[in-house]
Amino acid sequence: MNIAVIQSPGSNCDQDALYALRNQFGADARYVWHDDSSLHGFDAVVIPGGFTYGDYLRGGAIASRAKIMSEVVRFANEGRLVLGICNGFQILTELGLLPGALIRNGGLRFVCKKVQIAAVNKTSPWTKNVDRVLTVPVAHNEGRYVADETTLEALRRQNRIAFRYCDPSGSFTPESNPNGAADSIAGVLNEQGNVLGLMPHPERAVDTLLGGEDGRLILGCLVGA
């Protein structure tokens, strides 16, 4: 499995993603610079977290206009796997590959802690193996997912809400929602289900030395693990 990890100025989770994919899963993961123009030879794409271009304008806005992103759109539209984590999720919404937007956290503060998420969709490539509540870290300032009610209703009806924030028992409560996201949404899918935008960081939860392994259930989808 050949996986492209997109690098942009200001991204800071690219090394985490590369380490997780290479060292934990044995994937052939390689960096692709934002100014490159080809994804030839790759089977999947990861757009990692960070603060691309310093989050000027808004998170992901400038990075979404990088040269490589037209290839990411083509790649996604061909039905191949694309994962956007944190800032990568923001980029996917800016590209129009996913609906809605990510805005300032409800408390107007940076949030960095472990949270629990539950898979809502049970059939996508990203969620079909997730049969329990997962504990994964978040680290974001603009992680609050929002969309108009028509879009939210479409996501519910089409089973495109991938993950929601929850408490350890799996209940969706205001207290378990770290950023005020609509419907406690932590991740959404495109219509085909091959594109996932996820605010928490599964690449930081792949080893007990890192505090847990629950992220393996998500990243493992990229390599068929």
Checklist entry - Could you give the dipole magnitude of the chain about its Cα centre, charging the beta-carbon of Lys and Arg +1 and that of Asp and Glu -1, in debye to the nearest 20? => result 200
Checklist entry - What number, in percent, do you get for the relative contact order of the range 2-223 if the mean sequence gap of Cα pairs under 8 Å and at least 6 apart is divided by its residue count? => result 20
Next on the checklist: Students often get this wrong, so try it: which of (i) 0.91; (ii) 1.04; (iii) 1.18 is Cα Rg over 2.2 N^0.38 Å as calculated from the structure shown?
Outcome noted: (i)
Checklist entry - Using the scaling law 2.2 N^0.38 Å as the reference, what is the normalised Cα Rg of the range 102-225? => result 0.99
Checklist outcome for this item: Around E153 (Cβ within 12 Å, Cβ-to-Cβ, excluding E153; K/R +1, D/E -1) the net charge comes to 0
Next on the checklist: I want the antiparallel fraction of DSSP beta bridges within the range 2-223, as a percent rounded to 5.
Outcome noted: 55
Next on the checklist: If packing is taken as the average number of other Cβ atoms within 10 Å across a peptide's residues, how do 151-159, 106-114, 179-187 rank, most packed first?
Outcome noted: 179-187, 151-159, 106-114
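The numbers here are math on the coordinates, done by the rules we state, and not lab data. The structure displayed is predicted, hence computed values, not measured ones. Using ideal geometry, Cβ is built from the backbone for each residue, glycine included, and neighbour counts are taken over all protein chains shown.
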